[in-house]
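Readers should treat all values here as calculations from the given coordinates under stated rules, not as data from a laboratory. Quantities reported herein were computed from a predicted structural model and do not represent experimental measurements. Methodologically, a virtual Cβ is constructed for each residue, glycine included, from the backbone with ideal geometry; neighbour enumeration extends over all protein chains shown.
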Amino acid sequence: MEKFFQKNTKSNFKQLIQKHSYYFKAMHISEGILSPAVLIGGAAFAAAGVAIGLKNLEQKEIPTVGILSAAFFVASLIHVPAGPVSAHLILNGLVGLILGWKAFPAILVGLALQALLFQFGGMTTLGVNTLNMALPAVICYHIFKNGLKAGMGKHTVIICAFATGFFSVLLSGIMVGLSLYLTGEAFLPAAKLVVAAHLPVMFIEGILTTTCILFLKKVRPEILEGDHVS
Amino acid sequence: MFEELTNGDSFIHGLDPRGKLIVVFLFSIVVAAADRFQVLLGSLTLGLLIVLTAKVPARKLIKRLIPVNMLILFLWLFLPFTFGGEPLFFMGPLAVTREGVFYATRISIKSNAMMLMLIALVASTPIFFMGHAMHQLKIPNKIVHLFFFTYRYIHAIYREYLRLKNSIKIRGFIPKTDLHTYKTFAYMVGMLLVRSFDRAHRVHNAMLCRGFKGDLYSLKKFSFKTNDVVSIIFMMAMIVIMGVMEWA
Amino acid sequence: MGLNHLILNLEDIRFNYTGGPKVLTDLDLQLFKGDRIGLMGPNGSGKTTLFQIIMGLLKPSSGSIEIYNYPCKTEKDFIDVRKKIGLLFQDADDQLFSPTVLEDVAFGPLNLGKSRDEAMEISLNTLNFLGLSGFEDRITYKLSGGEKKLVSLATVLAMEPEVLLLDEPTSGLDEKTKATLKNVLSGLDLSYIIISHEIDFLAEITDHIYTMENGKILFDQEVHAHEHVHAHPHGAYVHEHK
Amino acid sequence: MGLNHLILNLEDIRFNYTGGPKVLTDLDLQLFKGDRIGLMGPNGSGKTTLFQIIMGLLKPSSGSIEIYNYPCKTEKDFIDVRKKIGLLFQDADDQLFSPTVLEDVAFGPLNLGKSRDEAMEISLNTLNFLGLSGFEDRITYKLSGGEKKLVSLATVLAMEPEVLLLDEPTSGLDEKTKATLKNVLSGLDLSYIIISHEIDFLAEITDHIYTMENGKILFDQEVHAHEHVHAHPHGAYVHEHK
Ligand SMILES: Nc1ncnc2c1ncn2[C@@H]1O[C@H](COP(=O)(O)OP(=O)(O)OP(=O)(O)O)[C@@H](O)[C@H]1O
Ligand SMILES: Nc1ncnc2c1ncn2[C@@H]1O[C@H](COP(=O)(O)OP(=O)(O)OP(=O)(O)O)[C@@H](O)[C@H]1O
Ligand SMILES: [Mg+2]
Ligand SMILES: [Mg+2]
């Protein structure tokens with residue numbers, strides 16, 4: 001029974017990515033574009049982040065982080081209308097708030113799977129792409145986590161959650177642009193456009209992150225306070 | 001549901017995934033770093049050859065190449081104009097430079113060559129084998145385990161998502177650019193996260209019940225056969241030749 | 001009954017999931033106003049699939065679907081259908097996605113264009129009708145299985161449908177919740193089709209029981225009562241004898 | 001039966017989830033070697049919770065648990081318990097987490113310290129026993145619902161437990177898979193407790209049916225067969241008469 005189910009979901013799934021695949025690339029720089037220096041630098045920083053994440057990751061938390069990472073993978077396939085076009089969710093801010101430094105290994109694995117399953121991104125860009133998505137998540141986590149603690153006023157929660165969603169996408173956009181720019185000055189206009197393309201998405205992600213955090217606080221606050229956050 | 005190409009039975013399908021993983025990795029690195037046209041054209045030819053050997057159906061191949069080339073196309077809109085150098089011709093006030101066109105061409109070849117290799121690898125190896133190969137190639141255990149769990153539960157969660165999506169559909173929901181829409185999607189994401197979180201807890205309990213002490217074992221054994229050795233030597237030779245042509 | 005009372009008319013429906021074997025083969029089904037139909041059939045016989053086709057969540061590969069004498073083909077046609085036909089999912093967990101009960105029940109009315117206040121009122125009334133008053137602010141996720149089922153029913157009823165499709169409404173429910181459900185259903189003035197594996201339950205609240213086999217519906221006889229032996233421990237566990 | 005045949009002895013168990021109401025209140029339960037017990041009870045009555053307490057996955061707030069006459073308190077005590085008692089989870093997707101069937105079945109034996117080859121052999125035998133030979137390399141998430149359930153059972157049996165705790169093993173299964181399950185269970189020489197809402201199923205494969213209510217277990221009589229009227233349409237739908 002499941003077997004057929006798989007097939008059906010696959011076809012839905014294909015439609016989904018075919019229709020909206022262009023957006024993926026704003027976050028996943030493809031193979032062959034960036035200069036070796038940027039690739040190496042990105043991989044080195046990503047490796048450091050992943051190492052910190054893994055150090056905090058106990059064996060017994062692996063199912064939790066893995067399954068949450070799978071949930072984010074699926075969530076990132078959702079497309080929401082953004083005016084005349086539609087945007088895919090990134091949700092790296094939310095990943096950061098829930099996983100802290102563990103966002104690095106979680107995002108690494110998520111991106112590796114996207115490379116393998118859909119060939120978005122690839123092997124040499126895995127490092128840069130991970131860094132571009134995970135670093136903003138971790139930065140926002142450290143700045144805004146206190147605002148989400150139990151006992152904080154609702155307004156504080158809303159502001160911090162919104163800021164996390166908003167700035168993590170903004171920072172990611174800037175880092176993607178920067179990766180292009182560092183590869184060559186000729187990329188500057190393209191890089192600017194990439195950052196600009198993230199602007200509407202930032203607002204959507206801010207709203208979504210806020211609503212989602214309020215949902216989690218109401219339904220299962222443990223997710224935000226759990227010991228899987230480092 | 002996501003692996004549609006792995007059922008083939010080509011020569012490449014039978015090869016050891018560890019070898020494939022290493023070869024694709026090294027190939028990608030060399031191509032990413034290479035600059036000379038001979039080398040890049042060589043890599044593209046090699047990529048095509050491998051994809052043909054892996055018998056990837058043409059339609060699926062093209063479908064998978066489209067997304068990458070959309071970004072490349074996007075870059076073609078800029079690079080020929082913004083790259084400083086000798087003008088080839090003018091489009092209105094903008095000069096198309098020789099260097100810019102070369103650069104964009106190089107990127108296009110590189111991307112496609114690397115994608116072809118990756119598709120051949122992915123198309124001929126179930127993802128789980130890839131995980132096992134990663135394990136045996138000494139990628140840190142925690143990452144490999146994370147990889148397995150993530151992959152295992154993507155399917156369960158994706159099905160949950162589809163069902164929730166049907167639920168909002170039958171209740172008359174039509175996505176628009178408004179708060180109600182974003183709130184609805186945020187709730188769906190929240191619900192997926194909550195359920196995943198609790199599932200993780202149950203899965204961990206199930207593992208404890210079976211005596212889990214922190215070690216995950218891998219039963220998969222791979223062994224290099226003649227085919228593997230020959231293929232690896234061939235591919236390594238090609239990669240080395242590319243390297244020599246580029247840097248010597 | 002005349003044609004104007006024909007709510008649902010499926011003819012020669014064929015369906016298979018991409019790459020899978022045929023699930024429905026030349027299936028016919030008619031539902032008239034006031035009909036109360038039970039549908040049984042082995043696992044995987046395509047019952048849930050049939051419901052999804054009626055709601056336009058899956059598209060048949062051939063055959064025609066007429067709802068209220070109006071042929072339904074495109075997604076757009078079904079948007080209207082969904083206002084008139086309510087589907088209760090097999091698994092209540094799939095149906096509820098909002099944090100609180102009230103939000104979930106009000107979701108449908110809001111989508112139908114009701115104002116916030118109207119939606120609230122409809123929702124509170126529906127909850128009340130199902131004996132769920134006081135549940136508004138409960139977290140859907142933390143409800144018990146039976147409560148979830150009833151709240152799911154509330155989300156469907158709040159859309160004020162004219163037809164109900166219930167997919168195994170009793171599975172996993174205890175006898176008490178089943179009894180509540182039975183009461184609610186027999187109190188409703190709606191046409192419905194109920195999928196269930198429990199013939200006793202169907203016998204009580206439907207007039208016809210159809211069965212699905214080999215991708216077709218077999219139109220069955222009226223429901224008969226007959227005797228047979230049935231094991232159970234007496235006393236402790238509630239078990240209705242009819 | 002003598003004390004040395006007492007496998008499980010729960011006394012005065014109390015439990016509540018943090019911040020929640022009492023789920024178990026002064027619950028007593030004894031299981032002797034060879035006992036085959038059915039456990040029914042409304043949704044949310046604490047059946048699953050009870051199983052988790054027996055396995056040491058939840059700690060009672062008071063009361064004593066003795067397993068094989070050995071008081072179990074700490075996580076360490078329960079590590080041994082888990083070698084002797086096998087728990088089948090309500091949802092098979094929770095139980096199967098390895099990529100392939102063989103790996104999942106071998107997971108338990110490997111944890112028990114068996115060598116790779118021994119673990120393989122045990123697993124293959126178990127699969128064979130359940131009529132699942134040839135399933136070794138199947139991908140767990142691609143199995144059908146019934147297959148998942150049987151493979152889950154294999155993962156539990158591969159640990160060669162002396163007691164089985166089965167949490168709603170039949171929910172969502174069709175008659176055929178249920179029959180397979182029944183055969184397997186009656187062929188096993190184990191003591192077990194089965195949670196189920198299906199009294200007919202329990203009546204066939206257990207000797208006692210207990211019910212849970214208000215946080216306690218009500219010890220029931222032996223299972224009796226008696227006659228009563230049962231409605232069904234004749235013919236079309238397969239329905240076993242016992
Ligand atoms: N999404 C899907 N993709 C592919 N195949 C599916 C899907 N859903 C169901 N199937 C297959 O279609 C057939 C009919 O499934 P369906 O769910 O309609 O059966 P059902 O009669 O509702 O069964 P049950 O009594 O178990 O609910 C089954 O063989 C099933 O495996
Ligand atoms: N993790 C949890 N946290 C808080 N409360 C819980 C948790 N799990 C269960 N409960 C609550 O404890 C009570 C007993 O739940 P349990 O799952 O043991 O019931 P059950 O008898 O197995 O029900 P079912 O027949 O639906 O499986 C219920 O009220 C439930 O809502
Ligand atoms: Mg069904
Ligand atoms: Mg239970």
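Answer with one residue from A:CYS212, A:PHE187, A:ILE67: the one whose Cα lies farthest towards the positive end of the charge dipole of segment A:34-225, charges on Cβ with Lys, Arg +1 and Asp, Glu -1.
Selected residue: A:CYS212.
Which of rounded, prolate or oblate describes segment D:134-223 when judged by the alpha-carbon gyration tensor and an a/c cut-off of 1.5?
Verdict is prolate for segment D:134-223.
May I ask you to order A:117-124, A:177-184 by the average number of other C-beta atoms within 10 Å around their residues, highest value first?
So the order, starting with the most tightly packed, is A:117-124, A:177-184.
Per-residue mean of other chain beta-carbon atoms within 10 angstrom of the beta-carbon, peptide A:129-138? Display every interim value, and only then the final one.
On the way: counts 0, 0, 0, 0, 0, 0, 0, 0, 0, 0.
Mean shielding by partner chains, rounded to a whole number: 0.
Mind sorting A:VAL169, A:VAL138 by how few other Cβ atoms lie within 10 Å of their own Cβ, fewest first?
In order of increasing Cβ crowding within 10 Å: A:VAL138, A:VAL169.
Taking the DSSP beta bridges in the protein assembly as shown as the whole, what percent of them are antiparallel, to the nearest 5?
Taking every DSSP beta bridge within the protein assembly as shown, about 60 percent pair in antiparallel fashion.
Inside 10 Å of the C-beta atoms of B:72-84, what's the mean count of C-beta atoms belonging to other chains?
For peptide B:72-84, the averaged partner shielding equals 4.
Give a residue-ordered list of calculated ³J(HN,Hα) values for segment D:160-172 (Karplus: 6.51 cos²θ - 1.76 cosθ + 1.60, θ = phi - 60°; whole Hz; x for Gly, Pro).
These are the phi-based 3J(HN,Hα) values: 6, x, 9, 9, 10, 10, 10, 9, 6, x, 9, 5, x Hz.
By its C-alpha gyration tensor, with a ≥ b ≥ c as the square roots of the eigenvalues, how is chain C shaped: rounded for a/c under 1.5, else prolate for a/b larger than b/c, else oblate?
oblate
If you average the sequence gap of Cα pairs under 8 Å that are 6 or more apart and divide by the length of chain A, what percent do you get for the contact order?
25
Using a simple spin-label model with points 7 Å from Cα along the Cα→Cβ vector, what separation in nm is obtained for D:LYS176 and B:ILE241?
Distance between the two pseudo-spin positions: 5.6 nm.
What is the order of B:VAL101, A:VAL74, fewest Cβ neighbours within 10 Å to most?
In increasing order of surrounding Cβ atoms, one gets B:VAL101, A:VAL74.
Please list C:132-142, A:90-100, C:201-211 highest first by mean number of surrounding beta-carbon atoms within 10 Å per residue.
Averaged packing, sorted descending, gives the order A:90-100, C:201-211, C:132-142.
Output, in nm with one decimal and in ascending order, the distances from the C:GLY131 label point to the matching label points of the other copies (7 Å from Cα along Cα-to-Cβ).
4.0
Taking D:LEU218 in one copy and the same position in all the others, each labelled 7 Å out along Cα→Cβ, what are the pairwise distances from the first, in nm, shortest first?
3.8
Between rounded, prolate and oblate, where does segment B:135-209 land on the alpha carbon gyration tensor, with a ≥ b ≥ c its root eigenvalues, rounded for a/c under 1.5, else prolate if a/b exceeds b/c?
Prolate, because a/c is 1.5 or more and a/b exceeds b/c.
Using the Karplus curve 6.51 cos²θ - 1.76 cosθ + 1.60 with θ = phi - 60°, work out ³J(HN,Hα) for each residue of segment C:61-73 in order, rounded to whole Hz, and write x for Gly and Pro.
7, 7, x, 10, 10, 10, 10, 6, 6, 10, x, 10, 10
Okay, helix-only estimate at 222 nm for the protein assembly as shown: each DSSP H run of n ≥ 4 adds -39500 (n - 2.57), divide by all residues, round to 500 deg cm²/dmol; what do you get?
Computed mean residue ellipticity for the protein assembly as shown: -17000 deg cm²/dmol.
Using modelled backbone amide H atoms (1.01 Å from N, in-plane), which distant-in-sequence or interchain residues come within less than 5 Å of B:GLY172's amide H?
none
Relative to the present Cα-Cα distance, how much length would full extension add between B:ASN141 and B:LEU52 at 0.36 nm per residue of separation?
28.6 nm
If each residue of separation counts as 0.36 nm, what is the full-extension length gain between B:TYR217 and B:PHE89 once their alpha-carbon separation is subtracted?
Taking 0.36 nm per residue and subtracting the Cα distance, the gain is 39.8 nm.
So if I take the centroid of the Cα atoms in segment B:57-98 and the same for segment D:1-66, what is the distance between those two points in Å?
So the two Cα centres are separated by 69 Å.
Rounded to whole Å and sorted largest first, list the principal axis extents of the Cα atoms in the protein assembly as shown.
Reported extents, whole Å, longest axis first: 97, 71, 57.
Could you compute the FRET efficiency for A:ALA150 and C:ASP137, with r as their C-beta to C-beta distance and R0 at 30 Å, rounded to 0.05?
The value I calculate is 0.95.
Sorting B:TRP247, A:TRP101 on the 10 Å Cβ count, fewest up front, what's the list?
Working: B:TRP247 12, A:TRP101 24.
Neighbour counts put them in this order, fewest first: B:TRP247, A:TRP101.
With θ set to phi - 60°, apply the Karplus curve 6.51 cos²θ - 1.76 cosθ + 1.60 along segment C:130-146 and write out the HN-Hα couplings as whole Hz, x wherever there is a Gly or Pro.
Listing the rounded values in order: 8, x, 10, 5, x, 8, 3, 9, 5, 7, 4, 4, 9, 6, 6, x, x Hz.
How far apart, in nm, are two points set 7 Å out from the Cα along the Cα-to-Cβ line at B:PHE25 and at B:PHE74?
2.9
Shortest first and in nm with one decimal, please list how far the D:THR25 label point sits from its counterparts in the other copies (point 7 Å along Cα→Cβ).
Values, ascending and in nm: 5.8.
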